[in-house]
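*Asks:* First the structure, which I've put down as structure tokens, then a few questions once you've had a look.
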Amino acid sequence: MYWASLRRGQLAEFDRKTPVVLPVAAVEQHGEHLPLATDCLINEAICRGLDEALGDRLLILPAQTVGCSEHHMALPGSLTLTHETFRRAVCDVAESVVRHGFQRLLVLNSHGGNQAIDGVIGEQLGQRFPRVEFLVANWWTVAAKRLAPLQQGPFGSVGHACEFETSLLLVIAPELVDMSRAEDGGIQHRSLPMHFDMLHGPAASCYRPFDQLSHNGVYGRPTLASAEKGREVLRACVASLTDLINDFWPIP
């Protein structure tokens, strides 16, 4: 159920062990074929699926829609927060939830640039509120085992505005997608151990702005996208996150 749609009396009736989801996303360039709100729309669709799967056994907070996108700022349209502003915003919302007595919070991320500070947020919240359980998760990491067989392209075909994200948008908001402008892209690092995509991380961390990762704002192969694949990716994400929530916080 959606936190902001409830009246205060309805919210008061919830068991304080009900898991609460805080979606965090980004507003940033996704090539010429996808909207700036791509990460927000993907997170919204996944949360909608979780709501359908779990109903009143889950509470979904309003999303933190602008994230940490400094690495995209050389390309038009991107919005960004500093790490500190993002951290404070997410932590303040989380603290509000804790002050209302809730004991289980999942920060659900749909933007790669949020990952590092999300880890800090999880540690800081866990240290500050030791009686509360915090999970921090990326949709692609949680669903990786289910997603791998769906990847049609070779290594590097999934990353940003890619085979998966474009497929998802063809299901979620096809009216916002212009496939006539979809163009594959991505520049791998000169060092082979530093090569990566959405499902396979590099050997080490090395910051590069996105205009050094791609000549066109795309990292992957959106030309391999389809609505059918998007439906399968969405089902995989919802199923994997439902399994995680039910396993980590089993219903009595």
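The values are calculated or read from the model by the stated rules, or taken from the named source; none is laboratory data. Being a predicted model, the structure only gives us computed values, none of them experimental. Cβ atoms come from the backbone with ideal geometry, glycine included; neighbour counts cover every protein chain shown.
*Asks:* From Glu44, Glu70, grab the single residue that is modelled with pLDDT of 95 or more and surrounded by fewer than 18 Cβ atoms within 10 Å (Cβ to Cβ).
*Replies:* After applying the criteria, what remains is Glu70.
*Asks:* Something else now. Within the group Pro149, Pro130, which residue is surrounded by fewer than 15 Cβ atoms within 10 Å (Cβ to Cβ), in a loop (DSSP other than H, G, I, E, B) and at negative phi?
*Replies:* Step by step, each of Pro149, Pro130 is checked, and only Pro130 is surrounded by fewer than 15 Cβ atoms within 10 Å (Cβ to Cβ), in a loop (DSSP other than H, G, I, E, B) and at negative phi.
*Asks:* Taking region 108-136, which residues are in contact with a strand residue (DSSP E or B) (Cβ under 6 Å, 6 or more places away or on another chain) and in contact (Cβ under 8 Å) with a residue 12 or more places away in the chain? Walk me through it before giving the result.
*Replies:* Of all residues in region 108-136, those in contact with a strand residue (DSSP E or B) (Cβ under 6 Å, 6 or more places away or on another chain) come to 108-109, 114, 118, 122, 125-126, 133-136.
Leu108, Asn109, Asn114, Asp118, Gly122, Leu125, Glu133, Phe134, Leu135, Val136, listed by residue number.
*Asks:* If you don't mind, there's one more thing I want to ask. Being over 20 Å from Arg235 (Cβ atoms), among the hydroxyl-bearing types (Ser, Thr, Tyr) and crowded, with 18+ Cβ neighbours inside 10 Å: is that true of Ser96 here?
*Replies:* For Ser96, the condition - over 20 Å from Arg235 (Cβ atoms), among the hydroxyl-bearing types (Ser, Thr, Tyr) and crowded, with 18+ Cβ neighbours inside 10 Å - is not met.
*Asks:* Given the criteria of a type outside the set (Gly, Ala, Ser), more than 21 Å from Glu163 (Cβ to Cβ) and part of a loop (DSSP other than H, G, I, E, B), does Val27 qualify?
*Replies:* Values: of a type outside the set (Gly, Ala, Ser): yes; more than 21 Å from Glu163 (Cβ to Cβ): yes; part of a loop (DSSP other than H, G, I, E, B): yes.
Considered against the rule, which asks whether it is of a type outside the set (Gly, Ala, Ser), more than 21 Å from Glu163 (Cβ to Cβ) and part of a loop (DSSP other than H, G, I, E, B), Val27 comes out as yes.
*Asks:* Continuing with the same structure: Could you go through region 88-98 and let me know if any residue there is more than 30 Å from Arg8 (Cα to Cα), of a type in the set (Gly, Ala, Ser) and at pLDDT 95 or above.
*Replies:* No, region 88-98 contains no residue that is more than 30 Å from Arg8 (Cα to Cα), of a type in the set (Gly, Ala, Ser) and at pLDDT 95 or above.
*Asks:* Exactly one of these conditions fails for Gly217: (1) in a helix (DSSP H, G or I); (2) of a type in the set (Gly, Ala, Ser); (3) within 19 Å of Thr38 (Cα to Cα). Give me its number.
*Replies:* (1)
*Asks:* Out of region 8-55, which residues are β-branched (Val, Ile, Thr) and out of contact with any Cys (no Cβ under 9 Å at 6 or more places or on another chain)?
*Replies:* Once the filter is applied, which keeps residues that are β-branched (Val, Ile, Thr) and out of contact with any Cys (no Cβ under 9 Å at 6 or more places or on another chain), region 8-55 yields Thr18, Val20, Val24, Thr38.
*Asks:* Answer with yes or no whether Ala173 is within 19 Å of Gly31 (Cβ to Cβ), surrounded by fewer than 19 Cβ atoms within 10 Å (Cβ to Cβ) and modelled with pLDDT of 95 or more.
*Replies:* Values: within 19 Å of Gly31 (Cβ to Cβ): yes; surrounded by fewer than 19 Cβ atoms within 10 Å (Cβ to Cβ): yes; modelled with pLDDT of 95 or more: yes.
Judged against the criteria, Ala173 is a match.
*Asks:* (1) touching a residue at least 12 places away in the same chain (Cβ under 8 Å); (2) under 20 Å from Gly113 (Cβ atoms); (3) not in a loop (DSSP other than H, G, I, E, B): which one isn't true of Val158, the others all being true?
*Replies:* With respect to (1) touching a residue at least 12 places away in the same chain (Cβ under 8 Å); (2) under 20 Å from Gly113 (Cβ atoms); (3) not in a loop (DSSP other than H, G, I, E, B), Val158 is out only on (3).
*Asks:* For Pro62, are the conditions met, namely being at pLDDT 95 or above, touching a strand residue (DSSP E or B) at 6+ places or on another chain (Cβ under 9 Å), surrounded by fewer than 16 Cβ atoms within 10 Å (Cβ to Cβ) and farther than 15 Å from Glu133 by Cα? Before you say what the answer is, go through the steps one by one.
*Replies:* Values: at pLDDT 95 or above: yes; touching a strand residue (DSSP E or B) at 6+ places or on another chain (Cβ under 9 Å): yes; surrounded by fewer than 16 Cβ atoms within 10 Å (Cβ to Cβ): yes; farther than 15 Å from Glu133 by Cα: yes.
It is true that Pro62 is at pLDDT 95 or above, touching a strand residue (DSSP E or B) at 6+ places or on another chain (Cβ under 9 Å), surrounded by fewer than 16 Cβ atoms within 10 Å (Cβ to Cβ) and farther than 15 Å from Glu133 by Cα.
*Asks:* Then there's this: Here is a list of conditions, (1) part of a loop (DSSP other than H, G, I, E, B); (2) among the hydroxyl-bearing types (Ser, Thr, Tyr); (3) surrounded by fewer than 15 Cβ atoms within 10 Å (Cβ to Cβ), and Thr85 meets all of them except one; can you say which number that is?
*Replies:* (1)
*Asks:* If you don't mind, there's one more thing I want to ask. Looking at Asp211, Asp243, can you tell me which residue is free of Cβ contacts under 8 Å to residues at least 12 places away in the same chain and outside any loop (DSSP other than H, G, I, E, B)?
*Replies:* Asp243
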